Every structure is written in C-alpha cells, then in structure tokens.
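The values are calculated or read from the model by the stated rules, or taken from the named source; none is laboratory data. Note that the structure is predicted; figures quoted are calculated from it, not measured. Please note: Cβ atoms are built from the backbone with ideal geometry, for glycine as well, and neighbour counts cover all protein chains shown. Heavy atoms of the whole protein, side chains included, go into the accessibility calculation; ligands, DNA and RNA do not. Shrake-Rupley method; radii C 1.70, N 1.55, O 1.52, S 1.80 Å.
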Amino acid sequence: MAALSTNIQYLKGVGEKRAQLYGKLGIFTIGDLLEYYPRDYIDFSHPFPIAHAPFDRPCAIRAKVSAKSPEQRIRRGLSLFKVLVTDGQSDMLITFFNAKYTVSSLKEEQVYLFYGKAAGKFGRREMASPLFFPDDPNLSFSPVYPLTEGLSSKIIAANVRQALDTAEGLDCDPLPDTLREANDLCSRKDALGNIHFPVDERALVRARRRLIFEELLYLNLALGQAKRASQKEPAALMKPVPMQGFYSLFPFSLTGAQQRAINDCLTDFCRAAPMNRLLQGDVGSGKTMVAAACAYFSAQNGYQTAMMAPTEILAFQHYQTWSRLFQNAGISVGFLSGSLTAAAKRQIKEQLAAGEIQIIVGTHALLQDSVLFQRLGLVITDEQHRFGVSQRMALTQKTPDGQFPHVLVMSATPIPRTLAFMIYGDLDLSILDEMPKGRRPVKTYLIDPPKRARAYGFIRKHLDMGEQAYIVCPLVEQGENSPEGLEAAVEEARYLAERVFSDYAVGILHGRMKSAEKEQVMADFQNGKIRLLVATTVIEVGVDVPNATVMMIQNAERFGLSQLHQLRGRVGRGRCESFCILVSRQTDSPRLRAICKTNDGFRVAEEDLRLRGPGDFFGLRQHGLPTMKLAGLLEDMTLVEQARSAAMNILRSDPALQLSEHNELKKRVEQMLTTAGA
C-alpha cells in the first residue's frame, strides 16, 4: 500500500521514465494521478451491430476476429495489416497501419470491443485503426485522458486502476458524513472509482456531482477564510463627512443604484475592518462616479487613494476625467505609468510620498517597490478580472502606518450573481442595475459579409453627420497561419483609408503599438481628428468617446457574447442614437442572435452561460485562484449555491476549521491556497 502523497514513480507499472512523462501533465504523486480526470469516455454500453454502424461519428462494435491477413508492405516505412471480424450477422474489414505488435495481440476466435469511425462501400462496413479492448461485460465506459507523447489513455487507465487498488487513505473522506448526507453525495472513494471507470451513466453523474461539489466547497471555504483574515486587519479608520460638496461637482443626479453603492462603501469606511467590496455594473452604469465619491470621501478624511487600471489608455482616461472633476474641489490628482520619463516618474513618486498627491491613477507601475504613500486609505482596481488577487493585495501593503487601506474592485464584466460570489467570494457585492438617464440602448444588427458594402454606406452617412465610428477586427495583421476570411486591423485600415473612406481621417489602434502611439491615436479620436478608428479589442475596456455612434465588428463569431457586449458599450455614450453591426457568416448563430435582442449585460452573460457553460466565466487562474478540475464543466448551477451555502454554514460554526471532523477539510483548503499561491 502507498500513501496518496507517494511519488508516482513508485506506483507499480510506472517507474522513473514514465514518471517523467507524467510530470509533463502535472502529475507527481499517486493523489495527483487519481485527480487527473478523464476528458471524455468511450461508450461501450450500447455497441452497434456491424450492419447499423453509423458513418458520421465514432462508435463501438462487439465482434469476433475471424481472420488476419499477412503483412502487406505498401512502400518503405509503410505496412498494412487487415483483420476480418464478424458479429454473427455481418462482417467488417479492419485495417491497421504499421501496427505489427498491435495486430499480433488480436487472437482469432476471440471477441473484442472495437471503437472507431465506420466507413463502407458496396454495403460492407470497414474501419481504420480502431481502439480495441477485450470483451468485458462490466466495461460500460472507457476513460479518455488528455495526453502527452509516450502516454496513452490505456496506459493511464491501467495506472489509475493500480492506484485505486493499492493507495492508502481512500477510505478517509474529507467531507463529514452529515455534510454528505445533507447534500446527497457519494463517498470520495466511490466518486474516484466512478469518475475514471463508471459502471453506468448514473454512477458517472453521481461521481461528477460529488467531486464538483467538493472543489466548490474548498474554494468557498478558502475565500471565506481569506475574507475573515482581512477583517482582522486594522482599517484606515474614517469618519462620516458631508458629501454635498461632491454631488455639487456635476449637474446631474446619480441613479438610485449609484447612491446605494456609495452608501455601502461609506458605511464600510467607518468600520474597524477594511472594506473589500466588488462594484459590479453593466457598461455605462456609472461605476466611475461611485469610485470618485469614495476617493472624495477618502480625501476629506486625510487619506490618499490609488486607482489602478489594466491599460494605459484606460488609466489616462480616468486621470483626465478625475482631474476635471476635482479641479475645483481642492483635490490633487496624479498619473503614473511605465511610459512616463524617468524624471516625471521620480517627481510623481516624491509627491506621493510627501502626501502632495491625494489621488493617483495608474497602471501596474503603481505596484513597483519604489512607489510609496504617506497615508494610503483606499485602493481601487478597475476591471478586476485583468488583475490577480496577489496584485490587488500588493497595493494594500503600501501603507507605512500599519493600517490596511479599504479596497474597491470595479468590474464591467457582467457575471450572474451566483458566479460572482464564486469568483469574488472574499468580497462584499454592490451591483449597479440602473442606467443613468439619457443612456439610449444600442441597436444591434447581424449581417453576412456580402452586405458589408451597404454597412460601409451606413457608416459613411453617420460620418457625414459629424459623428464617429469604430471598426473592430479580430487580428492585428494577417500572418502565415491566419485562418482564411479573418479580417486584420492593419490591412482593413489601409483598405478603408485608400478605397472606401479616403475623404475621412482613418486611424488604427492595436496592442502591438507603443504606449505613446496608442495615447496619441486615442487623443486624436477623442478630439475628432480621427473620424473612423479601426481597432482590435484593445478598445474593449473603458474607452469613452461620446461622439462615436456606430461600431462594426468583423468576424463577430470569433468573440464571446460578453466580449461583444463590452465592445458594443463603446458606442451609445452620447445623446445620438447608436448602432452596432455584427458581420459574420454565421447569421443563424443562436449566440449572435441573442445579443441582438438585448442591451442588458446580465441577460447577455446568462445567455452566454447557458450556451457555452461556465468554463469561460470561472477563469479562476486569472484571479489568482486555483484552477477547477471539474467545476468549469458544471451544468447544474444549483450545485454552486449548495456548495457555497454548505461552506458558509461550516464557517459560521467553525471559522478556523479547528474541529476534528474538519481536519481533512482544513488540509485540503490550505493545500488549495498553497497551490494557487493566492
């Protein structure tokens, strides 16, 4: 018997050389191997008769080997082997290539299960190089694993069987019996057995459900403990101050949702524990004004605010907005990014350390060790999904007085509420579910490429009216491996400038340009020097040009629904009616049709979730959280809520997981956090 922590090379049948191959898959111990789950299964539960084997998909056939023909040498390096099999009613000819030892293992008059794609002519079925297994009445599903060269699914399955038979500790279940019973979960040992070798479909469903629940439970416990730990730190304590001075800075009223979110934050600021709050709102819902109110409150309490944005374009835009907003309020705003000159950076850092700058807006440059604050009280990160947890926390360590700053995380990526709790479980949640007055919905249309010329005419009409437009392409420029038919921004900009819109200034913006070039292009677009901007998704986040009223997105099928919605949010920011034109050959796509029907980002996200599954939403690695092995394949969203509820119940009764029944849970949670580096 071997412990789950035993190096995999000591598992019978593995050895040193095969252990090195397993290392390429991230498998180093017996426990790692058992948690290396199949990506698919070959279904042997309903084998087809040879005569009815489908031509359009792989299938299983149970048949007896009737005869094997001698090796046929086609040319040097290529040999052909033919095997005739029968199911008693029909025959099938199987061909293998360069497979002498494989074919020699097939015994005449023995029955096997063959799996492959059938072909045929003159009424006879044929199959080329199928997988095959000795006939076994207990074999319903055979696992298919992600592979590396030198390891086959057969080899991995054999090693997994050995591990299941010999590993110690499989009877020790980390989930208490009461928790399993309350949530109708099978034991971990049964789950591991049936995730690799399910006896039937029901057993596979139960195994997956148990293991997904377990992953989600660990994650929620880890996030809950992280939240609890943050609440133990001493906060930058603030006192209530009048906010009339802030509200008088602009001539319009905030929405009810904005006011509620501001009140949430101001209440948190006056507590002993630091705020950790997610502000989630659709494109254009006014998150920046909520953040500005928080920065104002912080400044009135004598604290500094650091706001970090993921791109220099967005950071500079926030800097410009807040500089204008606070210029008559006696609040100084600074900007720091990697593209500033050394002298400019040095001056900004000196002013920050001296407390002369009350609000600093910047990029990742704010994380540098040389950036010091006199009295940091608030950290704001925009578009949190672009930052990891460790980056967020790095800013909170930059206060010299031992007090922890409050943290406000903003995201315009709509995520269904349940998933938001999963991804941001260590944060409290405020949602902006109202749009400011005057925001008009963007009309969205789906057209095929032959109608592109008419769409250019539509864009020209709006340019003639003094408005501006975007054209978004999936590629920067065409390369050798670019799929045929994909539009590239560089070629598109050149074509449009020379052939279609030669009487208008056409600009180009993409991620490979230098920061200074990008800033200049955006400045020229914002002040109207550039009328038509051809860009990649670099404009997805935060770019605000109210005069831009039309967006065309080329090859729209290449983008996720939520990304399309983010892009669409760059228009419709002014008083004029705005339009988004999706160009795609896939005009019957349910995804693309769905986004034409609604401007509600949360409904778009829910539809994206329904159509694609939550794998794209989980994306936990980019948050600094561990990658889910199975939860990204989740179909049953109620399981997310069940696991979260169970975790909260555990933490209410045993916050530090000190009870003996939670020993294994505590180990697993600590292991998860260590692995993630969160």
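Within the stretch 169-187, being polar (S, T, N, Q) and either within 21 Å of THR29 (Cβ to Cβ) or without any contact (Cβ under 8 Å) to a residue 60 or more places away in the chain (or both) holds for THR178, SER187.
Of everything listed in (1) open to solvent by less than 50 Å² (accessible area, probe 1.4 Å); (2) modelled with pLDDT of 90 or more; (3) not charged (D, E, K, R), the single unmet condition for LEU620 is (2).
The residues in the stretch 142-161 that are closer than 18 Å to PRO198 by Cα, in contact with a helix residue (DSSP H, G or I) (Cβ under 6 Å, 6 or more places away or on another chain) and not aliphatic (A, V, I, L, M) can be counted, and the count is 2.
When the stretch 31-50 is filtered for residues that are more than 28 Å from the chain's Cα centre (by Cα) and at pLDDT 90 or above, the ones remaining, listed by number, are PRO47, PHE48, PRO49, ILE50. Residues in the stretch 230-255 that are among the small types (Gly, Ala, Ser) and either open to solvent by 50 Å² or more (accessible area, probe 1.4 Å) or on the phi > 0 side of the Ramachandran plot (or both): 2 in all. For the stretch 194-201, the criterion of being surrounded by fewer than 18 Cβ atoms within 10 Å (Cβ to Cβ) and at pLDDT 90 or above is met by no residue. Could you pull out the residue among LYS64, LYS68, LYS12 that is more than 30 Å from ASP171 (Cα to Cα) and in contact with a helix residue (DSSP H, G or I) (Cβ under 7 Å, 6 or more places away or on another chain)? Only one candidate passes the filter, namely LYS68. Residues in the stretch 526-539 that are in contact with a helix residue (DSSP H, G or I) (Cβ under 9 Å, 6 or more places away or on another chain), closer than 18 Å to PHE316 by Cα and either free of Cβ contacts under 8 Å to residues at least 12 places away in the same chain or not β-branched (Val, Ile, Thr) (or both): GLN526 only. For the stretch 322-339, the set of residues classified as in contact (Cβ under 8 Å) with a residue 60 or more places away in the chain, under 24 Å from PRO310 (Cβ atoms) and open to solvent by 20 Å² or more (accessible area, probe 1.4 Å) consists of LEU325, GLY338, SER339, listed by residue number.
Here LEU366 meets each of (1) free of Cβ contacts under 8 Å to residues at least 60 places away in the same chain; (2) part of a helix (DSSP H, G or I); (3) surrounded by 22 or more Cβ atoms within 10 Å (Cβ to Cβ) with one exception, condition (1). Can ILE650 be described as modelled with pLDDT of 80 or more and farther than 25 Å from ARG209 by Cα? Criteria not met by ILE650.
Summed over the stretch 256-291, residues that are over 28 Å from the mean Cα position of the chain (by Cα), buried (at least 21 other Cβ atoms within 10 Å of the Cβ) and closer than 28 Å to ARG568 by Cβ total 1. Scoring LEU592 on the criteria (1) open to solvent by 50 Å² or more (accessible area, probe 1.4 Å); (2) touching a residue at least 40 places away in the same chain (Cβ under 8 Å); (3) part of a helix (DSSP H, G or I) leaves a single failure, condition (1). Going through the stretch 548-557 one residue at a time, which ones are in contact with a Leu (Cβ under 7 Å, 6 or more places away or on another chain) and not in a loop (DSSP other than H, G, I, E, B)? Correct list: MET551, ILE553, ALA556, GLU557. Among the residues of the stretch 91-102, those identified as closer than 20 Å to ILE50 by Cα and open to solvent by less than 30 Å² (accessible area, probe 1.4 Å) are MET92, ILE94, THR95, PHE96. Going through (1) within 30 Å of PRO174 (Cα to Cα); (2) surrounded by 15 or more Cβ atoms within 10 Å (Cβ to Cβ); (3) not charged (D, E, K, R) one by one, ALA3 falls short only on (2). When GLU491, GLU498 are screened for being open to solvent by 50 Å² or more (accessible area, probe 1.4 Å), in contact with a Cys (Cβ under 9 Å, 6 or more places away or on another chain), modelled with pLDDT of 85 or more and not in a loop (DSSP other than H, G, I, E, B), only GLU491 passes. For the stretch 1-115, the strands (runs of 3 or more DSSP E) that sit wholly inside it and include 2 or more residues that are of a type in the set (Ser, Thr, Tyr) are 78-86. Screening the stretch 116-161 for strands (runs of 3 or more DSSP E) wholly inside it with 2 or more residues that are crowded, with 16+ Cβ neighbours inside 10 Å returns the ranges 124-128, 131-134, 141-144. From the list LEU185, LEU217, the lone residue that is open to solvent by less than 10 Å² (accessible area, probe 1.4 Å), at pLDDT 90 or above and not acidic (Asp, Glu) is LEU217. Across the stretch 423-468, the number of residues qualifying as of a type in the set (A, V, I, L, M, F, W, C), in a helix (DSSP H, G or I) and open to solvent by 40 Å² or more (accessible area, probe 1.4 Å) comes to 2.
So that you can scan it fast, the table gives a plain yes or no per residue for (1) out of contact with any Asp or Glu (no Cβ under 6 Å at 6 or more places or on another chain); (2) of a type in the set (D, E, K, R); (3) farther than 24 Å from LEU139 by Cβ; (4) in contact (Cβ under 8 Å) with a residue 24 or more places away in the chain:
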site	(1), (2), (3), (4)
PHE55	yes, no, yes, yes
ALA60	yes, no, no, yes
LYS68	yes, yes, no, yes
GLN72	yes, no, yes, no
ARG75	yes, yes, yes, no
LYS82	yes, yes, yes, no
ASN98	yes, no, yes, no
THR102	yes, no, no, no
GLU108	yes, yes, no, yes
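Among the residues that make up the stretch 301-311, is at least one of them out of contact with any helix residue (DSSP H, G or I) (no Cβ under 6 Å at 6 or more places or on another chain), open to solvent by less than 30 Å² (accessible area, probe 1.4 Å) and in a helix (DSSP H, G or I)? No: the stretch 301-311 contains no residue that is out of contact with any helix residue (DSSP H, G or I) (no Cβ under 6 Å at 6 or more places or on another chain), open to solvent by less than 30 Å² (accessible area, probe 1.4 Å) and in a helix (DSSP H, G or I).
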